[in-house]
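Asks: Supplied in structure tokens, the structure appears directly below.
The values are calculated or read from the model by the stated rules, or taken from the named source; none is laboratory data. All values reported here derive from a predicted model rather than from experimental measurement. Cβ sites come from the backbone with ideal geometry, for glycine too, and all protein chains shown count toward neighbours.
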Amino acid sequence: MKKTLWIVFWLVFLTACNKTDKKLPDNDADWTIFRGDSGLSAYADVELPDQPTLYWTFKSNSRTASSPVIYRQTAYWSDKRGHIYGIDNQGIAVFNYDFATAIDASPMISDSILFIGRIDGWMSALSLSRQDTLWNFETLGQISASPNTGIFQGKEVVVFGSYDNFLYCVDKYSGKEINRFESGYYINGSVAVQNNYFVLGGCDAWLRVFNGEDGAASDSLQLDTYIPASPAIDGKEGYIADHSGNVYAFSLENGKISHPRKILTASDNSGAVVSVPALSATCIYILSDDRHLYAIRRADGKILWKYLQKGDSGESSPLVCRDKIISCTRNGIVSILDAHDGSLLWEYDTGEPITASPAAIKGRFYILTNKGSLFCFGS
């Protein structure tokens, strides 16, 4: 009887300890996809130090348009000539693979497989353990953005867009095409996935939603001008920007777009927006080519603050780490801001251009420059 009571006690205790109101990543030492999660929300539940220390720098001396991803304490990215680099947590190169073709996209890693889109129109799956290509899938246009994963009619798929105007779903393990969806023009950004719905913006100015269960187009919304970047989704709320500088919020439930609204309206003084929004529970943070980082309250669209950066924003996108924001500029400055009031807490000049988005895991964060230098910071 006493033994039974002890077993019940420990089961109740462990259940209470493991209970959480928020679904956290499976491993806080991983950042395996561009923007961190399938909704592309760019939220990392990690604590940044007040005064970060540079742990190390790895210089590949090879130009890149990629953002880094982190898998099992190793950072991976692609360069423009088609090399895949893997650098461990000591700054030592432990992986190198050459596709021998131009690559601009960021990789995604799932189940020890690295997926990468190429300028020549192929999506490739690379085994990290075997250091060999598992499969290649051909499209008829360049692939510029990171893929995502989802479920299509019960199968695990890799989801990505191409400049041939199609969104593709291919089997994750075999590379066989499961389905494709036609859009009106080039697909330049990544696809966000929410509850088995695929959400993407196109260069024809349409925001589209496709259903992963029946393969049908679920809904669409026309914006003011073309959409160069990706949407960001958290729960039932989504956010996206068009090139002219408008930022939109919308609700998404059962694949239907509702309550679309502008939360930042372009003006004659506005810059273009090619940044992907970063989301906290209460705010959206986004960079504009007017050199400002904007903090906008999700509940009512009010601009809470804006921070004038010491350089052009370029194509980099901000990252939320609990109560702090990491933001980068095209001229190489990395800033950490207070998420509540926008005050500058720390900055570092890498001396090299940055258009990549930061990546953060427990204990450290990573910045990749256009010249292929990876900076690792920690406490």
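Asks: Is at least one residue of segment 234-250 within 18 Å of residue 315 (Cβ to Cβ), in contact (Cβ under 8 Å) with a residue 12 or more places away in the chain and β-branched (Val, Ile, Thr)?
Replies: In the first step, residues of segment 234-250 are kept if they are within 18 Å of residue 315 (Cβ to Cβ); the result is 239-247.
Filter again for in contact (Cβ under 8 Å) with a residue 12 or more places away in the chain, leaving 239-247.
Subset that is β-branched (Val, Ile, Thr): 240, 247.
Within segment 234-250, one or more residues are within 18 Å of residue 315 (Cβ to Cβ), in contact (Cβ under 8 Å) with a residue 12 or more places away in the chain and β-branched (Val, Ile, Thr).
Asks: Oh, and also: Checking the condition surrounded by fewer than 22 Cβ atoms within 10 Å (Cβ to Cβ) and in a strand (DSSP E or B), which residue from 335, 327 passes?
Replies: Values: 327 fails: surrounded by fewer than 22 Cβ atoms within 10 Å (Cβ to Cβ).
Just a single option satisfies the conditions, and that option is 335.
Asks: Step by step: first the residues of segment 344-373, then only those that are charged (D, E, K, R) and not in a strand (DSSP E or B), then the one that is surrounded by the most Cβ atoms within 10 Å (Cβ to Cβ). Which residue is that? Show your work before the answer.
Replies: Of the residues in segment 344-373, the ones charged (D, E, K, R) are 347, 349, 352, 362, 364, 371.
Next, only the ones that are not in a strand (DSSP E or B) stay: 352, 362, 371.
Details: 352: 16, 362: 14, 371: 18.
Out of the qualifying residues, it is 371.
Asks: Oh, and also: Filter segment 202-226 down to the residues that are in contact with a Phe, Trp or Tyr (Cβ under 8 Å, 6 or more places away or on another chain) and within 19 Å of residue 287 (Cβ to Cβ) and list them by number.
Replies: If the condition is that a residue be in contact with a Phe, Trp or Tyr (Cβ under 8 Å, 6 or more places away or on another chain) and within 19 Å of residue 287 (Cβ to Cβ), then 223, 226 are the ones that fit.
Asks: I'd like the full set of residues that are in contact (Cβ under 8 Å) with a residue 24 or more places away in the chain and more than 18 Å from residue 40 (Cα to Cα), limited to segment 96-107.
Replies: Initially, segment 96-107 is screened for residues in contact (Cβ under 8 Å) with a residue 24 or more places away in the chain, giving 97, 99, 103-107.
Scanning segment 96-107 gives 97, 99, 103, 104.
Asks: I've got another one for you. Can you pull out the residues in segment 347-379 that are over 19 Å from residue 331 (Cβ atoms) and among the basic types (Lys, Arg)?
Replies: 362, 364
Asks: Return yes when residue 224 is in contact (Cβ under 8 Å) with a residue 24 or more places away in the chain, surrounded by fewer than 17 Cβ atoms within 10 Å (Cβ to Cβ) and part of a loop (DSSP other than H, G, I, E, B) and no when it is not. Working first, answer last.
Replies: Details: in contact (Cβ under 8 Å) with a residue 24 or more places away in the chain: yes; surrounded by fewer than 17 Cβ atoms within 10 Å (Cβ to Cβ): yes; part of a loop (DSSP other than H, G, I, E, B): yes.
Considered against the rule, which asks whether it is in contact (Cβ under 8 Å) with a residue 24 or more places away in the chain, surrounded by fewer than 17 Cβ atoms within 10 Å (Cβ to Cβ) and part of a loop (DSSP other than H, G, I, E, B), residue 224 comes out as yes.
Asks: Can you give me the number of residues within segment 110-139 that are of a type in the set (Val, Ile, Thr) and closer than 20 Å to residue 32 by Cβ? It would help to see each step written out before you state the result.
Replies: Let us first name the residues in segment 110-139 that are of a type in the set (Val, Ile, Thr), namely 113, 116, 119, 133, 139.
After this cut, where a residue has to be closer than 20 Å to residue 32 by Cβ as well, the list is 113, 116, 133.
Residues meeting the conditions: 3.
Asks: Tell me yes or no: at least one residue of segment 290-309 is in a loop (DSSP other than H, G, I, E, B) and closer than 23 Å to residue 145 by Cα.
Replies: Step one: of segment 290-309, the residues in a loop (DSSP other than H, G, I, E, B) are 290-291, 298-302, 309.
Next, only the ones that are closer than 23 Å to residue 145 by Cα stay: none.
For segment 290-309, residues in a loop (DSSP other than H, G, I, E, B) and closer than 23 Å to residue 145 by Cα: absent.
Asks: Can you tell which of 195, 179 is under 19 Å from the mean Cα position of the chain (by Cα) and at pLDDT below 95? Break it down into steps so the answer makes sense when it comes.
Replies: Working: 179 fails: under 19 Å from the mean Cα position of the chain (by Cα).
Unique residue meeting the criteria: 195.
Asks: Taking segment 210-254, which residues are over 16 Å from the mean Cα position of the chain (by Cα) and of a type in the set (S, T, N, Q)?
Replies: Answer for segment 210-254, where residues must be over 16 Å from the mean Cα position of the chain (by Cα) and of a type in the set (S, T, N, Q): 211, 218, 220, 222, 225, 244, 246, 251, 254.
Every residue, every condition in (1) in contact with a Gly (Cβ under 7 Å, 6 or more places away or on another chain); (2) small (Gly, Ala, Ser); (3) loosely packed, with under 14 Cβ neighbours inside 10 Å; (4) touching a residue at least 24 places away in the same chain (Cβ under 8 Å), yes or no:
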{"position": "89", "(1), (2), (3), (4)": "no, no, no, yes"}
{"position": "109", "(1), (2), (3), (4)": "no, no, no, yes"}
{"position": "116", "(1), (2), (3), (4)": "no, no, no, yes"}
{"position": "129", "(1), (2), (3), (4)": "no, yes, yes, no"}
{"position": "147", "(1), (2), (3), (4)": "yes, no, no, yes"}
{"position": "155", "(1), (2), (3), (4)": "no, no, no, no"}
{"position": "180", "(1), (2), (3), (4)": "no, no, no, no"}
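Asks: Run down 114, 167, 126 and say which single residue is of a type outside the set (Gly, Ala, Ser), assigned to a strand (DSSP E or B), farther than 25 Å from residue 209 by Cβ and in contact with an Asp or Glu (Cβ under 9 Å, 6 or more places away or on another chain). Break it down stepwise before answering.
Replies: Working: 114 fails: in contact with an Asp or Glu (Cβ under 9 Å, 6 or more places away or on another chain); 167 fails: farther than 25 Å from residue 209 by Cβ.
Only one candidate passes the filter, namely 126.
Asks: Further question on the same structure: Condition (residue is touching a strand residue (DSSP E or B) at 6+ places or on another chain (Cβ under 8 Å) and within 24 Å of residue 330 (Cα to Cα)) applied to segment 118-130: is it met by at least one residue? I'd like the intermediate steps shown before the answer.
Replies: Quick first cut of segment 118-130, residues touching a strand residue (DSSP E or B) at 6+ places or on another chain (Cβ under 8 Å) only: 118, 121-128.
With the extra rule that they be within 24 Å of residue 330 (Cα to Cα), the set shrinks to 118.
For segment 118-130, residues touching a strand residue (DSSP E or B) at 6+ places or on another chain (Cβ under 8 Å) and within 24 Å of residue 330 (Cα to Cα): present.
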